[in-house]
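What follows is a single structure, written as structure tokens, with notes after it.
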Amino acid sequence: MQTLIALVDCNNFYVSCERVFRPDLIGKPVAVLSNNDGCVVSRSKEVKDLGIKMGVPVFQIQQLINQHQITLFSSNYTLYADMSSRVMSTLEAFAPSMEVYSIDEAFLDLTGVCHQDSIAYGDLIRKTVVRATGIPVCVGMGPTKTLAKLANFAAKKWCKTGGVLDLSDLVRREKLMRIVPVSEVWGIGSRTTLKLKQLGIHSVWDLATQSSQRIQKQFNIVVAKTVLELNGISCFQLEEISANKQQIVCSRSFGRRLTGYKDLFEAVAEFCSRAAEKLRKQHSVTGCMSIFIRTSPFNSQEPQYQRSATIKLNTATQDTRTLITAANRLLKEIFRAGYSYQKCGVQLSQIHSESIPSQFDLFDFADNDLPTENRPLMATVDQINRRFPKAISIAATGFEQSWQPKSERISPRYTTDWQDLVCVK
Amino acid sequence: MTLTAFTLLLPTPHPCVLAIPLFSGKVAAGFPSPADDYVEKTLDLNELLVQKPAATFFVRAQGESMLGVGIHPNDILVVDRSIEAVPGKIVICALNGELTVKRLTRDNEQWQLKAENPNYPDIVIHEELDMVIWGVVTNVIHAL
């Protein structure tokens with residue numbers, strides 16, 4: 001039986017979420033901004049048509065914003081996460097197995113589900129999702145994940161597809177591959193694109209017709225697999241269970257520039273708490289922590305400073321207090337007075353399951369005498385915070401948190417807070 | 001099995017602490033309750049009000065246009081977006097970009113949005129009207 005994989009991808013997801021509760025904004029230019037209201041991270045079609053690129057800082061497009069009365073929103077992740085889970089659970093009904101690939105896309109295994117008329121099935125998926133959730137999606141299909149992704153790209157780009165495209169057909173596949181640049185292929189980054197161009201490989205078709213052995217020699221196994229996938233030979237399987245994260249990063253830009261050690265440490269401590277929470281949620285411990293601090297790269301007038309520091313923990317831990325104590329030590333090493341800090345972050349690595357007993361290193365009588373971990377205490381803190389969000393925190397994270405990022409244009413939490421329900425007349 | 005593995009037993013570095021809830025119920029000193037075998041799950045309002053969680057949204061009513069069907073200002077409406085909006089249903093629709101709740105009707109091929117209050121005019125749906133169905137109201141939650 002011919003394998004059929006579909007990639008369902010939400011159109012301009014964050015903007016679409018906002019529009020569900022603001023139907024007055026349908027057909028008008030809308031953009032959603034990143035943390036701290038810095039850059040554009042989601043654009044309506046109207047905004048794309050104005051030539052505004054993804055990731056552009058707001059201050060660079062202020063004139064266009066005023067001229068075209070673009071409605072801006074701060075990121076409302078609470079809303080987007082809720083809408084995402086609605087889309088995903090609606091999709092679940094359409095396939096025996098599914099991989100949630102990101103907040104706004106999922107792979108569905110449709111093998112044997114719709115061998116008769118895949119386009120009609122894709123259309124049913126689109127109509128069902130938009131009706132149930134209000135979120136418009138496009139459906140790309142093909143015998144491999146890479147082809148499904150390519151089909152989705154084409155379904156989004158050419159509206160005459162009606163938002164659904166199946167690349168199982170060889171003639172149609174070749175026709176499309178000849179006109180799509182190789183940079184649009186899933187997993188082909190800008191550096192690989194550059195190298196491919198030097199070899200005269202410009203279109204997807206150019207890549208698909210290469211020998212995978214040759215590509216593996218010149219590039220790597222992933223690019224070689226991509227060549228096979230473009231030819232309908234499946235190399236990337238559906239990953240139904242999300243693997244535990246091997247790295248946890250918590251970082252944020254500040255709402256205002258921070259200059260004092262105390263403020264900066266509060267922010268670092270808060271990120272340690274968030275990261276430790278994530279760690280415990282996936283039942284893991286970490287053996288290594290890094291922190292970084294930096295000034296704003298956009299402000300070239302100010303003196304620039306950027307440092308990071310890493311500590312290897314003698315005993316893997318998931319205790320917030322251990323991480324905060326270690327972070328304090330790291331921050332003392334890299335903090336320099338006299339700079340206006342704009343961002344900091346915490347990164348945990350060497351993550352493994354909490355059920356694996358801790359490795360005590362006999363020969364490592366290191367200097368890091370950190371507080372011993374207390375798992376029951378942390379479990380209790382998590383339990384309380386789940387019921388009463390932010391009820392308990394380590395005092396080091398501060399009480400005012402004046403460094404919290406700006407989100408001046410955030411929309412109400414329409415679906416997760418009784419006080420924020422949308423009103424109807 | 002020809003090889004028996006040795007298992008080296010070591011004390012755990014983190015002795016397990018058994019958490020006992022403070023109020024775990026009455027101590028059963030006498031006979032077990034005769035009702036124990038009949039314990040079933042408790043009633044959950046979600047089960048009654050929400051058929052399709054992914055498609056169900058709560059919205060808050062404003063104004064008095066739907067008093068006739070018992071929708072009062074500040075009531076919470078349970079809206080299922082997956083239900084088809086057929087004539088007779090109470091619907092939420094975006095009317096010229098504004099969300100409104102009305103009864104959808106059709107008389108002699110004429111679609112209308114009707115208020116359930118004589119003080120409010122009916123709205124005739126015509127081509128120039130920007131009207132999109134948002135969902136179908138299934139329940140009203142009214143605090144007394």
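Read-outs: derived from the displayed coordinates by stated rules, not from any lab. Nothing here was measured: the structure is a model prediction, and the numbers come from that model. In this analysis, Cβ positions are derived from the backbone assuming ideal geometry, glycine residues included, and neighbour counts consider all displayed protein chains.
Between 0 and 90 degrees, rounded to the nearest ten: what's the tilt of helix A:261-281 against the longest Cα principal axis of chain A?
Approximately 60 degrees, to the nearest ten.
Cα to Cα, under 21 Å, and not fewer than 8 places away if on the same chain: which lysines meet these conditions relative to A:Lys245?
Of all the lysines, those that pass the test against A:Lys245 - Cα under 21 Å, at least 8 places apart if same chain - are A:Lys278, A:Lys281, A:Lys312.
Against the longest principal axis of chain A, how steep is helix A:170-179, in degrees 0 to 90 to the nearest 10, with axes from Cα atoms?
60 degrees
Mind pulling the angle between the C-alpha long axis of helix A:320-334 and the longest principal axis of chain A? Nearest 10 degrees, somewhere in 0 to 90.
80 degrees
When A:Asp420, B:Asp44 are ordered from fewest to most other Cβ atoms inside 10 Å of their Cβ, what list results?
By the 10 Å Cβ count, ascending: B:Asp44, A:Asp420.
Pick from A:Thr322, A:Thr209, A:Thr286: which residue has the top mean-square fluctuation in a GNM of chain A where Cα pairs under 10 Å get a spring?
Top of the fluctuation ranking is A:Thr209.
Could you give the dipole magnitude of the protein assembly as shown about its Cα centre, charging the beta-carbon of Lys and Arg +1 and that of Asp and Glu -1, in debye to the nearest 20?
Value, rounded to 20: 1800 debye.
Any of A:Lys145/B:Lys52; A:Lys145/A:Lys225; A:Lys48/A:Lys406; A:Lys28/A:Lys48; A:Lys53/A:Lys156; A:Lys53/A:Lys175 with alpha carbons more than 20 Å apart? Name them for me.
A:Lys145/B:Lys52; A:Lys48/A:Lys406; A:Lys53/A:Lys175
State whether segment A:195-307 is rounded, prolate or oblate according to the following rule on the C-alpha gyration tensor (a ≥ b ≥ c being the square roots of its eigenvalues): a/c under 1.5 gives rounded; otherwise a/b larger than b/c gives prolate, and the remaining case gives oblate.
Taking the square roots of the gyration eigenvalues as a ≥ b ≥ c, segment A:195-307 is oblate.
From other protein chains only, count the Cβ atoms within 10 Å of every residue's Cβ in B:49-61, then give the mean.
The per-residue average across the peptide is 5.
Could you work out the local net charge near B:Ile90, counting Lys and Arg as +1, Asp and Glu as -1, over the other residues with Cβ closer than 13 Å to its Cβ?
+1
In what sequence do A:Leu150, A:Leu33 fall when counting other Cβ within 10 Å, fewest first?
A:Leu33, A:Leu150
Given +1 on the Cβ of Lys and Arg, -1 on the Cβ of Asp and Glu, and no further charges, what dipole in debye does segment B:59-141 carry about its Cα centre, rounded to the nearest 20?
It comes to approximately 280 debye.
Any number yet on Rg/Rh for segment A:27-146, C-alpha, Kirkwood?
Computed over Cα atoms, the ratio is 1.06.
Looking at the protein assembly as shown, I'd like the Rg to Rh ratio, where Rg is from alpha-carbon atoms and Rh is Kirkwood's inverse mean 1/r.
Checking Rg against Rh, the ratio lands at 1.01.
Around A:Tyr305, what is the net charge, scoring Lys/Arg as +1 and Asp/Glu as -1 over all other residues with Cβ under 11 Å from its Cβ?
Surrounding charge for A:Tyr305 is +2.
By average Cβ neighbour count within 10 Å, what is the ranking of A:69-79, A:405-415 from highest down?
Highest-to-lowest ranking by the protection proxy: A:69-79, A:405-415.
With point charges of +1 on the Cβ of Lys and Arg and -1 on the Cβ of Asp and Glu, referenced to the Cα centre of the protein assembly as shown, which listed residue (A:Thr209, A:Met141, A:Pro29) lies farthest in the positive direction of the dipole?
A:Thr209
At what distance in angstrom do the alpha carbon centres of segment A:301-330 and segment A:1-61 lie from each other?
What the calculation gives is 35 Å, centre to centre.
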